[in-house]
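*Asks:* Dropping a structure here in structure tokens format, bear with me for questions.
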Amino acid sequence: MSKVEPFKAAAIQAEPAWLDVAAGVDKAISLIREAATNGAKLVAFPETWIPGYPHFLWLGPQSAGMAFVPGYHENSIAIGDENFQRLADAAGKHGITVVMGASERDKGSLYMAQFIFGADGSTIATRRKLKPTHVERALFGEGDGSNIAVHDVEGIGRLGALNCWEHLQPLTKYAMYGLGEQVHVASWPSFCLYRGGAYALGEEVNMAASQVYAVEGGAFVLAATTVTGPAGLELFAKTDEQRALLGGGGGGSSRIYGPDGSRLTAPIPEDEEGIVYADIDLSLIPVSKMAADPAGHYARADVTRLIVDRTPRPPVEYIDNSVPQSQPVSSETQTASSTVETATVR
């Protein structure tokens, strides 16, 4: 890959078109166009921004939340379908790399996915959250080791992405650091749930996790968050108790951090939509890593090491290649051998 010149990056802070995939893609395309018009070469979207984070999982018994499942499934995106292609085409039309947080539909199952589209309209990769958090596991399946990946992207550098509390998983983070990530997308939902009762779900803790990721990984971090406004409240909160649990309707706190942990963007009010921008200069990364590179010179491999198995683990593997595989994999893993590959990350 040729030398990467400094470029502008963008992180979205916006309310989804809740449970409406076509409207969600329309809105995403509008935001992609806006970011590109303002000079951005990379734009990051929040977790499951299409068709919106499933707040219903947190607001009562799962039996009540089941009423949302058919619509949520129907409005999720299957890899290669019309909506997936519309997003890829928008990236190509506007010449911008896009990392989209979406609910991925694979036949009867759903996954918390991030789709990475190149500025030429290509699909660079698709990944799935390795372990959905808490009640998310009632709706979403798990990823596998192939979803720990960093990609060489022309004009951007070595780009990776994780969802939400994957940033609280020390070994997952360390595996990403070891792959030489330079630019990282941290896709988050909104931070409006259980305010005053669950501090760990709030903005302060989770943005601190994004900031620490930047320092530990020596990478630029784009933290993209959702706004849960009146439309989201009306859809999910049907009782006074549910309205109290879901909160006041805000929670967005998108920002971009430098590899030294410095915040590079001004805040947007939590209940407002917008895009934050920052200039990315990869030449600053060696300066930060000279002081501390936890998966490099600052490691003690003679004391502790991490073994990472990045083998794809589809639930069904067909020996007859004329039968389609049951689980789409990213472009990075499509050429992988079926033999077990283990990588030692230092």
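Throughout, read-outs are computed from the coordinates displayed, never taken from laboratory work. Given the structure is predicted, the values throughout are model-derived calculations rather than measurements. Please note: Cβ atoms are built from the backbone with ideal geometry, for glycine as well, and neighbour counts cover all protein chains shown.
*Asks:* Provide the per-residue ³J(HN,Hα) series for the range 209-220, in order, calculated from phi with Karplus coefficients 6.51, -1.76, 1.60 and θ = phi - 60°, each as a whole number of Hz, with x at glycine and proline positions.
*Replies:* Couplings: 5, 5, 5, 5, 4, 4, 5, 5, x, x, 10, 6 Hz.
*Asks:* Counting Lys and Arg as +1 and Asp and Glu as -1, what is the net charge of the other residues whose Cβ lies under 10 Å from the Cβ of GLY217?
*Replies:* -1
*Asks:* Once you've got the GNM for the chain with C-alpha springs shorter than 10 Å, pick whichever of ASN321, ASN83, ASN75 has the biggest mean-square fluctuation.
*Replies:* ASN321
*Asks:* Further, regarding this structure: With the Cα gyration tensor of the range 7-290 in hand, give its eigenvalues times 5 under a square root as the equivalent ellipsoid semi-axes, listed largest first in whole angstrom.
*Replies:* Equivalent ellipsoid of the range 7-290: 27, 21, 18 Å, largest first.
*Asks:* Lysines near LYS41 by alpha-carbon distance under 16 Å, same-chain residues fewer than 8 away left out - which ones?
*Replies:* LYS3, LYS8, LYS93
*Asks:* Can you list the lysines whose alpha carbon is less than 22 Å from that of LYS131, not counting same-chain residues fewer than 8 positions off?
*Replies:* Cross-link targets: LYS107, LYS173.
*Asks:* I'd like the antiparallel share, as a percent to the nearest 5, of DSSP beta bridges with both residues in the chain.
*Replies:* Details: 33 of 54 bridges.
In the chain, approximately 60 percent of DSSP beta bridges are antiparallel ones.
*Asks:* What residue among VAL25, VAL99, VAL205 has the largest mean-square fluctuation in a Gaussian network model of the chain, using Cα springs under 10 Å?
*Replies:* VAL205
*Asks:* Answer with one residue from HIS151, VAL69, ALA44: the one whose Cα lies farthest towards the positive end of the charge dipole of the range 7-290, charges on Cβ with Lys, Arg +1 and Asp, Glu -1.
*Replies:* With unit charges placed on the Cβ atoms, the residue in question is HIS151.
*Asks:* Sticking with this structure for a sec: Peptides 167-174, 100-107: what's the order by average Cβ count within 10 Å, highest mean first? Provide the component values of the computation, followed by the final result.
*Replies:* Values: 167-174: 17.0, 100-107: 22.9.
Sorting 167-174, 100-107 by mean packing, highest first, produces 100-107, 167-174.
*Asks:* Below 8 Å, C-alpha to C-alpha, sequence gap of six or more: please give me the relative contact order for the chain in percent.
*Replies:* Reported as a whole number, the value is 20 percent.
*Asks:* Now for a different question. Which of the aspartates and glutamates could be linked to LYS129 by a straight reach, that is with a Cα gap under 12 Å, when you skip same-chain ones fewer than 8 residues away?
*Replies:* GLU47, GLU104, GLU142, ASP144, GLU166
*Asks:* Taking the chain as a Gaussian network, Cα atoms linked when under 10 Å apart, which of ASP81, ASP26, ASP152 shows the biggest mean-square fluctuation?
*Replies:* Comparing ASP81, ASP26, ASP152 in the GNM, the peak value goes to ASP81.
*Asks:* To the nearest 20 debye, what is the magnitude of the charge dipole of the chain about its Cα centre, counting +1 on the Cβ of each Lys and Arg and -1 on the Cβ of each Asp and Glu? List each step's numbers first, then the result.
*Replies:* Numbers: 27 positive and 40 negative charges, 106 e Å.
Dipole size: approximately 500 debye.
*Asks:* Ok, one more. Please arrange ASP302, ASP309, ASP20 by how many other C-beta atoms lie within 10 Å of their C-beta, fewest to most.
*Replies:* Numbers: ASP302 6, ASP309 13, ASP20 16.
Going from least to most buried by this count: ASP302, ASP309, ASP20.
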